[in-house]
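Have a look at the structure below before the remarks.
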Amino acid sequence: MITHPRTEELAEAVGLWIEQIRPGLDPRNGFLARVAGNAMGTIVRELTLGPAAEARATERMAEVLGRAGTFQELNAELCARIRAGELTPETPGLLAALKVIALDQLAIDQPSYRHEGQAVREVS
């Protein structure tokens, strides 16, 4: 049987390699390596946390909009209705849904971000 590393394992391995060579690089390339390493970390988190975050966002948006649909459809409608003023902070469930969606996205994009009321957690 042929086995292969999963995509997130490959991305994590590349990120670790970048961190190993970064200290020996000149300042400019060291900075670029840090950016690349951070990008690899984001890719790993998107692969591992993204599907559940998207499912939660889809569920929350469907509740607010009162209809089912794909993430893309619901997100487009939610944004359009907020822009048009049809959905406001007074809309039942809107702020709670947006908070969950934002915190899930922050866990992917900025895992060390500590929001109000959140305990400090270790980030690898």
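The values are calculated or read from the model by the stated rules, or taken from the named source; none is laboratory data. Not measured: the values here are computed from a predicted model. Please note: Cβ atoms are built from the backbone with ideal geometry, for glycine as well, and neighbour counts cover all protein chains shown. The accessibility values were calculated without ligands, DNA or RNA, using every heavy atom of the protein model including side chains. Shrake-Rupley method; radii C 1.70, N 1.55, O 1.52, S 1.80 Å.
Worth pointing out:
- Most mobile of 101, 21, 43 in a GNM of the chain (Cα contacts under 10 Å): 21
- Solvent-accessible area of region 1-58 (1.4 angstrom probe, protein heavy atoms only): carbon and sulfur portion equals 64 percent.
- Counting only alpha carbon atoms, the long axis of helix 27-65 and the longest principal axis of the chain meet at about 30°.
- Theoretical ellipticity at 222 nm over the chain - DSSP helices of four or more residues, -39500 (n - 2.57) apiece, nearest 500: -23000 deg cm²/dmol
- Computed lengthening from residue 67 to residue 52, 0.36 nm per intervening residue step minus Cα-Cα distance: 3.4 nm
- Surrounding net charge for residue 100, when Lys and Arg each add one and Asp and Glu each subtract one, Cβ distance under 10 Å: +1
- Distance between the modelled labels on residue 76 and residue 35, one decimal in nanometres: 3.2 nm (7 Å Cα→Cβ projection).
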